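Worksheet for the structure shown next.
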Amino acid sequence: MPAKSRFTRLDAFTKTVEDARVRTTSGGIVTLASLLVVVYLIWGEWTDYRRILVQPELIVDKGRGEKMEIHLNMTFPRVPCELLTLDVMDVSGEQQTGVAHGVEKVRLTPVAEGSMPIERTSLALHAQDDSAKHMDPDYCGSCYSAPAPANAQKSGCCNTCDEVREAYASNSWSFGKGEGVEQCEREGYGEKLDAQRKEGCRIEGGVRVNKVVGNFHIAPGRSFSNGNMHVHDLNNYFDTPVEGGHTFSHEIHELHFGPKLPADVVDKWSDHHHDNPLDGTSQQTDDPAFNFMYFVKVVSTSFIPLGWDAKLSSSIHTAYQDIVPIGTHGYLGHGTIETHQYSVTSHKRSLRGGNDAAEGHKERLHARDGIPGVFFSYDISPMKVINREARPKTFTGFLTGICAVIGGTLTVAAAIDRGVYEGSTRLKKLHQR
Amino acid sequence: MAHMNGFAKHGLDDDSFSEKSALSGLRTFDAFPKTKPSYTSASRRGGQWTLLVLVICSVLTFSELRAWWIGVETQHFSVERGVSHELQMNLDIVVAMQCKDLHVNVQDAAGDRILAGDLLTKHETSWQLWTDKISKKRRRDHQAYQLLHEENAERMQAEEEDQHVGHVLGHMREGGKKFPKTPKLRKGEHADSCRIFGSLEGNKVQGDFHITARGHGYMEWGYQQHLDHTTFNFSHYVNELSFGPHYPSLLNPLDKTISTTPSHFHKFQYYLSIVPTIFTKRRVSTKSGSLDPAAIPQPPTLDLVPVKDKDGKEVLHVLNQLSRADSKTLFTNQYAATSQSREVPDNTVPGIFFKYDIEPILLIVAEQRSSFLALVISVWQHYKSTFETYGALISPFVLLKAVIYEFPSLLMEKEFNGVEYVLKGIRLREVPSPFCSITEEDRTEVTTCPHLTEVALDAGALSPDVMEGTETPTWKVTEDSQGGLPPPHAPKKNVYGECILRRSRVPEPLPPMSTNSTGQNLEEVAVLTSGEDGHSERCNISCTEGSPVPEDKSSAQLRQSQVKRTRQDSARSTVPAKRTKIDDDQSLATVNMDGDIIKEQDSEIQINS
């Protein structure tokens, strides 16, 4: 007896002898159909295996010493650029100093003329005007009995109109248009302002701030810190020749914290609604003394694509976080993006206080006084969202899937075929009787 | 009758009708060859197993259906979209001070003060009345009212339940958005307490809701009498404190809590972190299970897009057009509460303070049922896996049995228990299947159990599996279970001839090996079994050289050959036990393999005989 036949007896997968098998046409059809199904399902498995999913994770934000960029694009159709001030403050109400920024003011023609852009100037954020540089070095302008600002170009002097304004403000005097103030008349401050009175202004650009709780606001007039008080010189705002006065009607074209996602990234990630809630919103008022507030809660969000290199990201983050130009912060290479989402509550009130009867809440008493303008106060959430790209299936998972597809389909097909066969046999027997 | 017989034989025979059809070629693709019924065996034990498997299957089906019906709960999160404005607060609290002495206000980060006292309903009531009511409730149901620091398993369970969609939506359907009525004062009782209840809308910003005594803590408009400090008592029962739409039956952490103090100057502080939550039975996730932001139902108080009113003026504060009230979704705000309370010196404002802040991350608890198709597939998979497990359990069992029974025979050469036929160089063996081990009770299965499991060519050692397509002519062996005509087969290449194995039961006991000769015709009979009931199983092998052509009987040469019976023990009822060594009768086999000798025995007989 040949040796191999000894082991045939151990075969747990006994085959049916060819002669004991019955092949049928229906079986052939079922086989071919099931093959097609198998091919289709394997294709499905393949696409499933190649599919990239974005898995959102919620973690506690453990970053420290981070910076955040605020990107802003807002139009104020009824306030001229000369009047607008942008202040960025941290939680204690102190102005954030030394922040990198790239904000521009765009002068816009009056609303009646269609609010077309006229001129684009870079906005000086808490910066000094250097318009008096050409002066005689010994020149010491009078501060008109107000104390000279501490940070004046020449200590004890008010060489520029701005310095006089600051000196006035620090003494809590109103400044007005600067009539009779030599420095301002020289600089043509009043005329400059009056020429722009009917214009609007667009503020666009980004500010890089420390990632701490804070606020920023766009309010009229020069701002000063007077002790614990944050003061704006509102004289020029309220005292205006323009009919109806200036108002803080505004339209927010864009407001985002951190970089905006590129369009292809937005398309790629299923989260199409990662839009910023304030984009494209606007609020109107006819009251000059009106205050708009936005309470923003910022949630750090990062997008980590496939092929993310942790080392590269962190090295870029460490090395360039402070020196990259505004607008490029948060891009960490390989498409990794560190940005923020936010939720927002809006609130508005008249500076005259009063209740909210118009909105149906007469029990709601607004605070009185304050500064007209648009205030954003932002809070940083301790949670962080990570949208991580991942392939949900491993290669072995894919192989297992294929086996399951083949096995499952053949099982079903065998059952169908068996049913057809048995059915026809029964039918045959029925006809025999 | 003859016609009927013909129909019976060929009428619906798959072979006969399909050959005519154009699709007959498809037959070759049939990957699922069916075993002829005569080759399948059914045993009682197999039947029992099948029943067990069916029971398991039905249990699985039931549980699967139940799980499908209940659905799966998933938690998602998303940063809240849209521009929010307002937050509804619902409060029902009893304070042990007279209504006229209490101030209820909200001061929020937006700088607004909400005169909640004007909006909420104040009812004069008696502290003793509520104390009695609550202690009565506590006696009946310990979880009804709780001290702040108290921990009660039932209460915790009730709170836990209120985080699940089914339960929460059930509460919503219970309806009743009203606060319960204030119980009437009993006789002799005077109103010494105040029940403050109702809903109010505040700004959705960080804020402080507080209840203080008149004349303390606020710069009042106009003159108000300074309140005597001895009337201060900020003991309170919180019946309800919730945010968002009012659903009284939802249990929040501060609902039904008791805080009492004997002191006049006491400050109760609660710190609440509010988490906007959506409970929904709508589908909010994509196929892959991640959140589909577009599918999140939006609360009606959120502005997603600025809307213009009739005059073309843009109004932000409108009810969200995109949200539809439906019974499948509930917007609420859960909160986490911490608290502290302490006695304070005279220069501090006593009172009850709720400081709240709103979290930016929206929690979405979604319960969804998978599609019915998915249910069907998963049930099917259960069936499949059950049967496969059954098979997988069986096959090692078979293997084990085979090893146990066959291993000794592997060690001891040539030991073989079974029937072996050697015919024209073809070794035919009947090996009893381990599953059909024949015991006394299984006697009835004798005829079906012994399978022709091994067909081997001794000379050339060709396996019958490679019968087709090989150069060496082989014998095709078929078993004719009906004992009738061999089925018509097309002549096959390389088939030396065809052997038909017939079995029959003989009513009388036969000697183990017998040779019947009727005249010139020699009929060789192997007795498979010699039963004690007097029956014998007879095996008759007749071989035809070439292909049998039934129409031309004269050309059909039926050869009957000597069937060598190598089994020595005829009592197969105890198969493994009574193994004996088979005679190595090689000489006989050689004789049989020798064509000349067989030729001598050749004789032409009638097929039907």
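The values are calculated or read from the model by the stated rules, or taken from the named source; none is laboratory data. Predicted model, so just to flag it, every value in this text is computed and none were measured. Positions of Cβ are generated from backbone atoms using ideal geometry, with glycine treated the same way; all protein chains shown enter the neighbour counts. SASA here: full protein model, heavy atoms, side chains in, ligands and nucleic acids out. Shrake-Rupley method; radii C 1.70, N 1.55, O 1.52, S 1.80 Å.
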> Say we look at the stretch A:305-343 and pick out the residues that are surrounded by fewer than 17 Cβ atoms within 10 Å (Cβ to Cβ), small (Gly, Ala, Ser) and closer than 27 Å to A:Asp379 by Cβ; which of these is nearest to the other protein chains (Cβ to nearest Cβ)?
Replying inline: A:Gly327
> Taking into account only those residues within the stretch B:101-110 that are within 9 Å of chain A (Cβ to nearest Cβ) and outside any strand (DSSP E or B), which is least open to solvent (accessible area, probe 1.4 Å)?
Replying inline: B:Ala110
>> Residues that are hydroxyl-bearing (Ser, Thr, Tyr), at pLDDT 85 or above and either open to solvent by less than 30 Å² (accessible area, probe 1.4 Å) or over 30 Å from B:Ile296 (Cα atoms) (or both): does the stretch B:51-61 have at least one?
In response: yes
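Table: residues versus (1) touching a Pro at 6+ places or on another chain (Cβ under 7 Å); (2) more than 14 Å from chain A (Cβ to nearest Cβ); (3) free of Cβ contacts under 8 Å to residues at least 24 places away in the same chain.
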site	(1), (2), (3)
B:Thr131	no, yes, yes
B:Met156	no, yes, yes
B:His171	no, yes, no
B:His190	no, yes, no
B:Gly198	no, no, no
B:Glu201	no, no, no
B:Ile211	no, yes, no
> Within the stretch A:414-422, can one find any residue that is more than 10 Å from chain B (Cβ to nearest Cβ) and within 26 Å of A:Phe216 (Cβ to Cβ)?
Replying inline: no
> (1) more than 29 Å from B:Ile361 (Cα to Cα); (2) at pLDDT 80 or above; (3) out of contact with any Lys or Arg (no Cβ under 9 Å at 6 or more places or on another chain): which one isn't true of B:Trp68, the others all being true?
Replying inline: (3)
>> Filter the stretch B:60-100 down to the residues that are more than 30 Å from B:Thr257 (Cα to Cα), in a strand (DSSP E or B) and more than 37 Å from the chain's Cα centre (by Cα) and list them by number.
In response: B:Val83, B:Ser84
>> I need a count of the residues in the stretch B:45-59 that are in contact (Cβ under 8 Å) with a residue 24 or more places away in the chain and more than 18 Å from the chain's Cα centre (by Cα).
In response: 3
> Across the stretch B:341-364, what is the total count of residues that are open to solvent by 10 Å² or more (accessible area, probe 1.4 Å), more than 14 Å from every other protein chain (Cβ to nearest Cβ) and at pLDDT 90 or above?
Replying inline: 2
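Hey, any hits in the stretch A:317-328 for a residue that's under 30 Å from A:Gly65 (Cα atoms) and assigned to a strand (DSSP E or B)? Spell out how you get there, then give the answer.
Taking the stretch A:317-328 first, the residues under 30 Å from A:Gly65 (Cα atoms) are A:317-328.
Imposing the further condition that a residue be assigned to a strand (DSSP E or B) reduces the set to none.
Among the residues of the stretch A:317-328, not one is under 30 Å from A:Gly65 (Cα atoms) and assigned to a strand (DSSP E or B), which makes the answer no.
Can you tell me which residues in the stretch A:344-400 are among the acidic types (Asp, Glu), open to solvent by 30 Å² or more (accessible area, probe 1.4 Å) and either in contact (Cβ under 8 Å) with a residue 60 or more places away in the chain or more than 11 Å from every other protein chain (Cβ to nearest Cβ) (or both)?
Taking the stretch A:344-400 as the starting set, the residues that turn out to be among the acidic types (Asp, Glu) are A:356, A:359, A:363, A:369, A:379, A:389.
Cutting the leftovers down to open to solvent by 30 Å² or more (accessible area, probe 1.4 Å) gives us A:359, A:369, A:379.
Once the filter is applied, which keeps residues that are among the acidic types (Asp, Glu), open to solvent by 30 Å² or more (accessible area, probe 1.4 Å) and either in contact (Cβ under 8 Å) with a residue 60 or more places away in the chain or more than 11 Å from every other protein chain (Cβ to nearest Cβ) (or both), the stretch A:344-400 yields only A:Asp379.
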> Scanning the stretch B:282-301 for residues that are crowded, with 19+ Cβ neighbours inside 10 Å and more than 9 Å from chain A (Cβ to nearest Cβ), which turns out modelled with the highest pLDDT?
Replying inline: B:Val284
